1. In the list 118, 175, 139, 129, which residue meets the criterion of being modelled with pLDDT under 75, surrounded by 18 or more Cβ atoms within 10 Å (Cβ to Cβ) and either on the phi > 0 side of the Ramachandran plot or not small (Gly, Ala, Ser) (or both)?
2. Which helices (runs of 4 or more DSSP H) does segment 118-234 wholly contain that include 2 or more residues that are of a type in the set (A, V, I, L, M, F, W, C), within 18 Å of residue 307 (Cα to Cα) and assigned by TED's automatic domain parsing to the domain that holds residue 314?
3. Would segment 99-110 turn up any residue that is surrounded by 14 or more Cβ atoms within 10 Å (Cβ to Cβ), at pLDDT below 75 and not in a helix (DSSP H, G or I)?
4. Give 280, 243 a once-over and let me know the one that is out of contact with any helix residue (DSSP H, G or I) (no Cβ under 6 Å at 6 or more places or on another chain), outside any helix (DSSP H, G or I) and either of a type in the set (Asp, Glu) or on the phi < 0 side of the Ramachandran plot (or both).
5. Any chance you could count how many residues in segment 474-501 are touching a strand residue (DSSP E or B) at 6+ places or on another chain (Cβ under 9 Å) and not aromatic (Phe, Trp, Tyr)?
6. Among the small types (Gly, Ala, Ser), surrounded by fewer than 18 Cβ atoms within 10 Å (Cβ to Cβ) and either closer than 30 Å to residue 192 by Cα or in the same structural domain as residue 178 (by TED's automatic domain parsing) (or both), is that true of residue 273?
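The values are calculated or read from the model by the stated rules, or taken from the named source; none is laboratory data. What you are looking at is a predicted structure, and each value in this text was computed from that prediction instead of being measured. As a convention, Cβ positions derive from the backbone with ideal geometry for all residues, glycine included, and neighbour counts pool all protein chains shown.
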Amino acid sequence: MSRFRPLRAVLALFQSGDMRMLLAGAVLSLATALAGIALLGLSGWFITATSIAGASVATALAFDVFMPSAGIRLLALGRTASRYGERLATHEATLKVLAALRERVFRGWASPAAARALAMRPSRALFRLTLDIDALDTLYLRIIVPVFAATGTALAISAALGFIHPLLGAGAALLLLAAGLGIPALATRRAETFVRRRAHALEALRSRTIDLVKGRTDLLMAGRASAQIEAVAAADRRLAQADIGLTRVEADAGFALGVAGAGLLAGVLLAVALLAERGDIGAPAAAFAILLAMASLEPFAPLRRGAVEFGRTLLAARRLAPRLTNEAGTTALPEPAQAGVAARLHLVSASYDGHVRPVLFDVSLTLRRGERVAIIGQSGAGKSTILSLLAAELPAMRGSVEILPATLLTQRTELFADTLHGNLALARPEATETEMFASLAAAGLDDMMGRLPRGLYTPLGEAGAGLSGGQARRLALARILLRDAPVWLMDEPTEGLDGPTARDVVARIDAAAVNRSLVIATHIRREAELADRLVLMRDGRIVAEASRGSAKYEEMLSGLRPD
């Protein structure tokens, strides 16, 4: 049962969805299957009975052709209506569940630990994310609904055959349920290995193809293009082998169901022949039973494909289950209890996933309200790690972290393929256009806004395409201003900007940060000069501090990279 444990989170989404629509889809699917089989059985009985009745004038005159023909028409129309209703209900229910699933998964990936894992291997995670969500839509459409319809149909056929003879009904039920559900279950077991191989081969094919296309120049220069092409071909061969294996599993399941259907039909033929010979049933009833047997395994046919898809569903559920059970979001840190303190780290040690040793060791730091602190040091000293701790993006291994509400400006300018308004609304969705214009003006983008014909509703490309590096950085700063948090955390806010633009951004940060607490991780002098206090880090430890106006402060500034 441990194999199916990851499905619990997915099934919980179905249970919390529109249960009436889900049940309606399953019931309509059962009604469609029953109407089709009843139509076949009634038509066979009617044809046989009509032929026998036509043997003499007396029986022909006495035979009622209207009721059976009306029943046939009713079943045909009902089958069409139930099929249409089934499509509407099942797809509507599935789309609603998938919408909730996507939201839950995206919230899961927004958690700090998951976001770091996503950033380490974004293409693979995104590829899995899209395929896994698509795989889970088969759980209801190709597994739950077909199993419900097939089981209900098998019981109904067995009951109908039971009216002819109880043992015939019991035997049919045993064979239908054992073969109809057992064969797909065995096929699912066989398909799991091929499903895993296919998933890994597809990931390898995608990543190697992307590497080949994006790195073709480097590969040609290094003489490795042919090797990369062979690697792509090898992944494609593994994918083809996995597809062949899955096709063989589905074909074998279809063959086994066909054999089971033939066996059931043969058994029913023998049974009705014996019953007819003894005079217990007539020819129309015998034809009715035979036609029911012929159609009895038809509702189980979709389970062949469902058995193969169920392997994908299980694999997808295993990957997504951690994101479904973890309500994501930024972990709220406690606010400092001491008056006048904006943030406080006390004997904090921290590490990243996969690191053997901590990257911070017993760090203690207090930031007063309204104070500006610059954390300096060489790359890898732990500057950005402190910001991650204060932003609640990294949990502390030991020690305590306390901070007032804060906002973080990272080294990368994270902009989205949306309008300026949409990018600013990330900071504060309820902000008015007037407030947005004010934040843009404070960041130095008022001239640019005057040249945009659509103003705040000007669309941006992916990652802010259409803006220069300086404009993108100013837009990120405008988002910080709009957030209006008491603590600002900034990681090298002017890195990569030209001198005049960088100095202007620093000046605007200086002006806007009045009465706010500011923590800047930097190795650039122009940014560190904003600080009232410098904190020097080395190898994950604080090794020195200096306040503005002291000789030590000037000495520490002189060791930083000039503008």
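1. Testing whether each residue is modelled with pLDDT under 75, surrounded by 18 or more Cβ atoms within 10 Å (Cβ to Cβ) and either on the phi > 0 side of the Ramachandran plot or not small (Gly, Ala, Ser) (or both) leaves just 129.
2. So the answer is 122-136, 145-164, 166-214.
3. For segment 99-110, residues surrounded by 14 or more Cβ atoms within 10 Å (Cβ to Cβ), at pLDDT below 75 and not in a helix (DSSP H, G or I): present.
4. It is 280.
5. 16
6. Considered against the rule, which asks whether it is among the small types (Gly, Ala, Ser), surrounded by fewer than 18 Cβ atoms within 10 Å (Cβ to Cβ) and either closer than 30 Å to residue 192 by Cα or in the same structural domain as residue 178 (by TED's automatic domain parsing) (or both), residue 273 comes out as yes.
Yes/no per residue for (1) crowded, with 16+ Cβ neighbours inside 10 Å; (2) within 43 Å of the chain's Cα centre (by Cα):
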{"position": "490", "(1), (2)": "yes, yes"}
{"position": "528", "(1), (2)": "yes, yes"}
{"position": "550", "(1), (2)": "no, no"}
{"position": "560", "(1), (2)": "yes, no"}
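Listed here are the residues, each with its yes/no results for (1) among the aliphatic types (A, V, I, L, M); (2) more than 26 Å from residue 472 (Cα to Cα); (3) under 34 Å from the mean Cα position of the chain (by Cα).
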site	(1), (2), (3)
365	yes, yes, no
369	no, yes, no
377	no, yes, no
391	yes, no, yes
400	no, yes, yes
406	yes, no, yes
411	no, no, yes
